[in-house]
Amino acid sequence: MTDAIEKCKITKKCGGCQFQGMAYQEQLKRKQKQEEKLLGRFCKVNPIIGMDQPYYYRNKVHAVFDRDRKGNIISGTYREGTHQVVAVEDCLIEDEKSQEIIRTIRGMLKSFKMKTYDEDTGYGLLRHVLVRRGFTTGEIMVVLVLGSPILPSKNNFVKALRKEHPEITTVVLNVNDKKTSMVLGEKEKTIYGPGYIRDVLCGCTFRISPKSFYQVNPVQTEVLYQTAIRFADLSGKETVIDAYCGIGTIGLIAAKHAKKVIGVELNQDAVRDARMNAKENSITNVRIYQGDAGRFMVEMAEEKQKADVVFMDPPRAGSDERFLSSVVRLAPKKVVYVSCNPQTLARDLKYLVKQGYEVRKIQPVDMFPFCDHCETVCFLTRKYK
Ligand code: SAH
């Protein structure tokens with residue numbers, strides 16, 4: 001494992017990495033300690049699984065566009081907690097190819113007479129650029145987020161961009177005309193390619209739309225999912241729920257080891273991706289439902305449906321009582337909780353333990369080198385009933 005300390009010049013201003021300048025082994029030690037502090041009272045915490053190469057791991061790169069005081073076009077990130085743009089030239093954790101594409105776009109704006117968007121006045125056009133790359137397939141998606149719906153000479157723009165980067169497989173316009181800190185707006189128009197990219201994880205192919213959630217560190221995502229599926233120890237006879245399923249990743253990978261998989265997800269684009277992903281991988285024992293995971297589980301419990309295993313992978317805020325109480329009512333033998341926030345995980349585990357579950361395994365996986373976030377897979381079994 002590497003222990004070289006590469007130095008980022010804008011760490012303080014950017015605020016994205018809390019552990020810049022710290023040896024990677026030391027970062028892992030800190031995360032392990034934090035996990036033990038928060039989760040150690042439930043069960044022994046396995047040693048965190050780190051990366052061999054903890055640099056340039058992010059497959060999704062976002063840049064906000066602006067002008068500096070001298071009027072030069074800059075692209076980068078918001079200074080933490082503000083809307084001030086910090087120029088980013090070379091980020092140590094973002095995919096290098098995607099960063100190159102962002103630099104190319106920045107260089108093209110002048111000749112295309114494209115103005116950067118001014119958040120205060122609403123004047124100008126280009127707000128953000130989002131690049132996503134499938135690390136396995138090499139497919140690249142560029143999303144241009146505009147303040148208004150028209151990109152003049154769009155065909156020439158795509159042509160010029162693809163001349164520099166022929167690896168780009170799709171270009172999407174997204175319109176965000178609101179005063180908001182959300183990057184993507186509602187409206188979307190594909191101006192080149194299929195409007196999504198594909199990537200491969202654990203032997204399944206996944207299509208990813210601009211607004212669908214997809215883990216940002218694909219190398220560690222495979223480790224994460226393999227751990228989750230190993231913990232569930234499926235025999236092929238189980239009915240499995242994949243709650244907060246996104247584009248269906250965990251459920252589709254688990255499907256070949258189970259009788260039936262039911263996925264539930266709130267975001268409509270992700271649901272569409274998940275259904276297509278089932279089809280494209282010729283997986284026929286999976287059904288995906290759109291809606292709130294908690295409400296869905298309540299309905300399942302009321303209809304006295306059965307589930308043997310529940311995979312749950314909620315956002316940072318964790319799950320809610322509606323969901324957790326219906327897990328208890330459904331009473332699956334096994335629960336595999338994948339969490340990106342040990343604080344809310346600890347809160348939710350406390351509830352489940354009180355209601356008759358036992359925490360059997362805890363495995364931290366480092367999905368976010370140089371950042372203080374920590375991902376955890378947690379395995380629970382039902383004690384009685
Ligand atoms: N398991 C997936 C996605 C995890 S991210 C993966 O590994 O890729 C969490 C997902 O929960 C996101 O796709 C988000 O859209 C979804 N989500 C957020 N709140 C939800 C809710 N109340 N009900 C169902 N899904 C929800």
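Values quoted throughout were computed directly from the atomic coordinates according to the rules given, and no laboratory measurement underlies them. For clarity, every value in this text was computed on a predicted model and none was experimentally measured. Cβ sites come from the backbone with ideal geometry, for glycine too, and all protein chains shown count toward neighbours.
Would you mind calculating the relative contact order of the chain from Cα pairs under 8 angstrom and at least 6 residues apart, reporting the percent as a whole number?
15
Got a sec? How would T104, T82, T249, T170 order by Cβ neighbour count within 10 Å, fewest to most?
T82, T104, T170, T249
Looking at segment 24-129, how many pairs of lysines come closer than 26 Å at the Cα, when each pair is eight or more places apart or spans two chains?
Taking the Cα cut-off of 26 Å, the pair count is 14.
S235 to E100: extension gain in nm, 0.36 nm per residue of separation minus the Cα-Cα distance? Intermediate values should be presented prior to the final figure.
Numbers: separation 135, 0.36 × 135 = 48.60 nm, distance 4.58 nm.
Net length gain for the segment: 44.0 nm.
From the Cα trace of the chain, what convex hull volume per residue do you get, rounded to a whole Å³?
Looking at the chain, the number lands at 138 Å³ per residue.
Among S339, F65, T381, pick out the residue whose Cα is farthest towards the positive end of the charge dipole of the chain, where Lys and Arg carry +1 and Asp and Glu carry -1 on C-beta, about the Cα centre.
Of the candidates, T381 comes out farthest on the positive side.
When the Karplus curve 6.51 cos²θ - 1.76 cosθ + 1.60 is applied with θ = phi - 60°, which whole-Hz ³J(HN,Hα) does each residue of segment 241-252 get, with x for Gly and Pro?
9, 10, 8, 6, 7, x, 7, x, 3, 4, x, 5
In segment 170-203, which residues have a backbone nitrogen under 20 Å from the label point lying 7 Å from E164's Cα in the Cα-to-Cβ direction?
Answer for this model: 170-174, 191-193.
Order these by the 10 Å Cβ neighbour count, fewest first: C17, C378, C8.
Listed from fewest to most nearby Cβ atoms, that is C8, C17, C378.
On the first, second and third principal axes, largest extent first, how far apart are the outermost C-alpha atoms of segment 56-139 in Å?
Principal extents (Cα only, largest first): 41, 32, 20 Å.
Using +1 at the C-beta of Lys and Arg and -1 at the C-beta of Asp and Glu, which of A160, G263, V200 has the Cα lying farthest in the positive direction of the dipole of segment 127-284?
Farthest towards the positive end: A160.
Compute the distance from the alpha-carbon center of segment 115-189 to that of segment 34-86, in whole Å.
First find each Cα centre; the distance between them is then 21 Å.
Using Cα pairs closer than 8 Å and at least 6 residues apart in sequence, work out the relative contact order for segment 178-286, in percent.
The value is 25 percent.
Over segment 31-89, calculate the relative contact order: mean separation of alpha carbon pairs under 8 Å at least 6 apart, over the residue count, as a percent.
With pairs under 8 Å counted, the relative contact order is 19 percent.
I want to check the label-to-label distance for K189 and R295. Put each point 7 Å from Cα in the C-beta direction and report it in nm to one decimal.
3.2
What ranking of L224, L28 emerges when the number of other C-beta atoms within 10 Å of each C-beta is taken as an exposure proxy, fewest first?
Working: L224 26, L28 22.
Ascending Cβ contact count within 10 Å gives the list L28, L224.
Note down the magnitude of the dipole of the chain about its Cα centre, charges +1 on Lys and Arg C-beta and -1 on Asp and Glu C-beta and zero elsewhere, to the nearest 20 debye. Show your work: numbers first, answer last.
On the way: 62 positive and 46 negative charges, 91 e Å.
Dipole of the chain, to the nearest 20 debye: 440 debye.
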